[in-house]
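Heads up, the thing below is written out as structure tokens.
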Amino acid sequence: MSGILSQDIKFLPGVGPRKAVLLNQELKVFTLGDLIYYFPFKYVDRTKFYTIREIDTSLPYIQVRGRITGSELIGVGRNQRLVAYLTDGTGILELIWFQGIKFITQTIKLNVEYIVFGKPGEFNGQFSIVHPELDENLADQSKKEGFIQAYYNTSEKLKTNFIHSKNILKLQYAALQLVRGSIYESMPSWLVQKLGLVSLESALITIHFPENPQILRKAEYRLKFEELFYIQLKLLHLKEDRHKKFKGHLFTKVGNYFNDFYFNHLPFELTGAQKRVIREIRKDMGTGRQMNRLLQGDVGSGKTMVALMSVLIALDNGFQCCFMAPTEILANQHYLSIQKFLGDMAVKVKLLTGSTKKGERAIIHGELLNGNLHLLIGTHALLEDIVQFESLGLVIIDEQHRFGVTQRAKLWRKNFVPPHILVMTATPIPRTLAMTVYGDLDVSVIDELPPGRKPIKTVHYFENRRAQVYDFIRKEIAEGRQIYIVFPLISESEKMDYKNLEEGYEQIIKLFPSPDYAIGMVHGRMKPAAKDLEMQRFKSMETQILVATTVIEVGVDVPNASVMIIESSERFGLSQLHQLRGRVGRGAEQSFCILLSGFKLGAESRKRIETMVATNDGFEIAEADMRLRGPGDIEGTQQSGIAFDLKISNLAKDGQILQYARDIAESIISDDPSLEKPQNDILKKQLIALKKNHLNWGSIS
Ligand code: ADP
Ligand code: MG
């Protein structure tokens, strides 16, 4: 940015030291550049004028020109209001104020032409606007007749200090007057030409003062493209850089471990998607560069098998592996199922969790160092410094969003040459988000479920159908099925929630008494051993109903469980609901998900529940979730260590621009990996500036 853009905002006419502090604090606007990059959140088309006769109250806003013929105070106390009568010769429009009456009374002028703007209403055939915007119809540029007006978000504090959207617009006008002519182009001219973009300066002027919708769209496109493009360029550059800096283990072979397993132990035919993903991983580990791959696959898509077969490739090349899961239950489950898959194969696998006994730990530490142990499965316990390998070649991390960036970085340091990293997640991330948050990783997607799965039937019942739900449970249990009943738990420490859970449990025990029924309960406050015991009892069918909190959300596999009942489902997020539902539908039987809720549903809760009923597709759900909550709130983005401060783009809406920006960035990086060509000089400078600036897209692993 040129010098003038970094000028302190307090010197801008109309700001001054006091307002400057407010702008600093409330909007993080410190310089002229910050102000100009503080973009409007909406526009209102004020190119159109209506006559009073034409007023239609279904319009969100209208704008009329007219003169005020008189005004009067009506009512008393809280009902008191000022009513002014505006006419344009076609009718009379009432302008009504409940607040600021004194000020308005003093300032409105009779027989002067005003432009009046606001939301029209009607009472007894009389049109009115409450708290209209009122401007004298002057030839002033910033109030020019017929234009598209930008609106800016402000805060309560700004408003009480008289900094409204309109005032920000005025400041923008003043700022643009100052900087006009000194905003240099931030993209190479060949790219600007190739893509037919408008110049940065004209885009910045237009974004605040658009003359018409067509020009506005071009300006928006230019600014969105630039924003997304530089993020992609940065991520791809980072990836390129990492490839240069870090050698990876070269896995050249597919040998006995893999082949013996594939031909003699694989209990089922791999799905096409599993095969494709295993090929992708194999290829990646055979390049001599370190693999950093994200494996996305919906719940039940068979990621564990992909993990195992990747491990076998590492073993074939003489390396050890570790496999990290977010909870003890899951680590345990992976341990058991992988041992079962391996059968009598000579692969030494051990489990290391918080509850591993001291003596056993010492043995594990020793066997890792002397290379006797092939695969270590575990929880965070794997991250401890004392856990050292002879030759760690591959790290697999399940349910990645539960681990932070720094935790993953620790795994890197367990070997001189960093191990290959495969991060698996069952929380599908919308494509646009994946491209941005994980843009420097390679992504594999399992987009196919193993055959024979019947889609889970999902229904939504209000409280009043509870009895019916219990009848259904009895019927399913009579047929040998098992049931989950999940209660919401916003925070593991909320007493209130435990009360819900415990009351729910008491109620279920009454409704389903022993000896006919056996009920288990798991929640996050239990000791891991007790929790595991309960899970184990459910798995082995000692209990038919498991009352639980979301601790069963991730990855737990009990194929015989066919009904998932979610209590107060309106309190869960979409991805959580989807994860919970994924606990059933794992066997051959038809499975069901019943979403119970109270009668009062907010618009968002309703939408979430509707989405769940409408689709089983995790990616669709992820997209819906992003539309509902905005990209910043999607699970995984906060923990990923990436600050989301997109100023103009919206990942839920600008997917096409993003894809295009990524394609262009890819072609530039592949043509000029270090951005050394003169025509890419601006790109390089811009990346360096971004690095110094606020954007800090840390490497993921
Ligand atoms: P997730 O991707 O949710 O971790 P899992 O790896 O737990 O899924 O797999 C879910 C279930 O499907 C497991 O019981 C697993 O053994 C089984 N499974 C995996 N792949 C296949 C396949 N290709 N054919 C049949 N069953 C499979
Ligand atoms: Mg899993």
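The values are calculated or read from the model by the stated rules, or taken from the named source; none is laboratory data. Please read all numbers here as calculations on a predicted model, not as lab measurements. Positions of Cβ are generated from backbone atoms using ideal geometry, with glycine treated the same way; all protein chains shown enter the neighbour counts. Ligands, DNA and RNA are stripped out before the accessible areas are found, and what is left, the full protein with its side chains, is counted by its heavy atoms. Shrake-Rupley method; radii C 1.70, N 1.55, O 1.52, S 1.80 Å.
List of remarks:
- Pairwise centroid distance, computed over Cα atoms, of segment 223-279 with segment 504-530, Å: 43 Å
- Inter-probe distance in nm under a simple model that places probes 7 Å from Cα toward Cβ, at residue 478 and residue 443: 4.8 nm
- Translational diffusion of segment 276-370 was estimated from the Stokes-Einstein equation, with Rh taken as the Kirkwood radius over Cα pairs; at 4 °C and 1.567 mPa s the coefficient is 86 µm²/s.
- The magnitude of the dipole of the chain, with charges of +1 and -1 set on the Cβ of Lys/Arg and Asp/Glu and taken from the Cα centre, is near 940 debye.
- Sequence-distant contacts, meaning Cα pairs under 8 Å at least 6 residues apart, place the relative contact order of segment 1-134 at 19 percent.
- Sequence-separation-based contact order of segment 457-615, relative, with Cα cut under 8 Å and 6+ spacing, percent: 33 percent
- Beta bridge orientation in the chain: antiparallel %, DSSP, nearest 5: 40 percent
- Here the gap between residue 666 and residue 453, fully extended at 0.36 nm per residue and compared with their Cα-Cα distance, gives a gain of 72.8 nm.
- Modelled label reach - residue 11, point 7 Å along Cα→Cβ, segment 152-189 residues with backbone N closer than 19 Å: 171-184
- According to the Cα-based calculation, Rg over Rh for segment 558-602 is 1.03, with Rh computed by the Kirkwood formula.
- For segment 154-172, the residues whose amide N sits under 16 Å from a probe point set 7 Å from the Cα of residue 41 along the beta carbon direction are 154-160, 163-169.
- Applying 1/(1 + (r/R0)^6) with r as the Cβ-Cβ distance of residue 613 and residue 646 and R0 = 45 angstrom yields a FRET efficiency of 0.90.
- Of the accessible area of segment 457-615, computed with a 1.4 Å probe over protein heavy atoms only, carbon and sulfur atoms account for 54 percent.
- Packing here is the average count of other Cβ atoms within 10 Å per residue, and on that basis the peptides 41-47, 101-107, 167-173, highest first, run 167-173, 41-47, 101-107.
- For the Cα trace of segment 63-137, dividing Rg by the Kirkwood Rh returns an Rg/Rh value of 0.93.
- Near residue 159, once Lys and Arg are set to +1 and Asp and Glu to -1 for all other residues with Cβ below 14 Å from its Cβ, the sum equals +1.
- Over 17 Å [Cα-Cα, segment 147-281], rounded percent: 76 percent
- One Cα centroid belongs to segment 325-394, the other to segment 446-485; the line between them spans 35 Å.
- More than 33 angstrom apart: percent of Cα pairs within the chain: 61 percent
- Near the amide H of residue 444, within less than 5 Å, lie the amide hydrogens of 294, 295, 296, all on another chain or at least 5 residues away, with H placed in the peptide plane.
- Using a probe of 1.4 angstrom and keeping all protein chains present, the accessible surface of segment 457-615 works out to 44 square angstrom per residue.
- Spatially, segment 7-59 and segment 147-204 are offset by 9 Å when compared through their Cα centroids.
- Debye intensity ratio in log₁₀ form over the Cα atoms of segment 457-615, taken at each q of 0.12, 0.19 Å⁻¹: -0.47, -1.29
- Between residue 540 and residue 65, the contour length at 0.36 nm per residue exceeds the alpha carbon distance by 163.2 nm.
- If the segment from residue 386 to residue 511 were pulled out straight at 0.36 nm per residue, it would be longer than the present Cα-Cα gap by 40.0 nm.
- Ellipticity at 222 nm from helices only: DSSP H runs of n ≥ 4 in the chain, each -39500 (n - 2.57), divided by the residue count, give -12000 deg cm²/dmol.
- Distance violations [Cα-Cα > 31 Å] among 357/499; 454/475; 357/475; 283/653: 357/499; 357/475; 283/653
- Largest first, the extents of the alpha carbon coordinates of segment 543-619 on the three principal axes equal 35, 26, 20 Å.
- 19 Å cut-off, amide nitrogen to a point 7 angstrom out along residue 620 Cα→Cβ, residues in segment 582-596: 582-586, 591-595
- Normalised contact order of the chain, rounded percent, pairs of Cα under 8 Å and 6 or more residues apart: 13 percent
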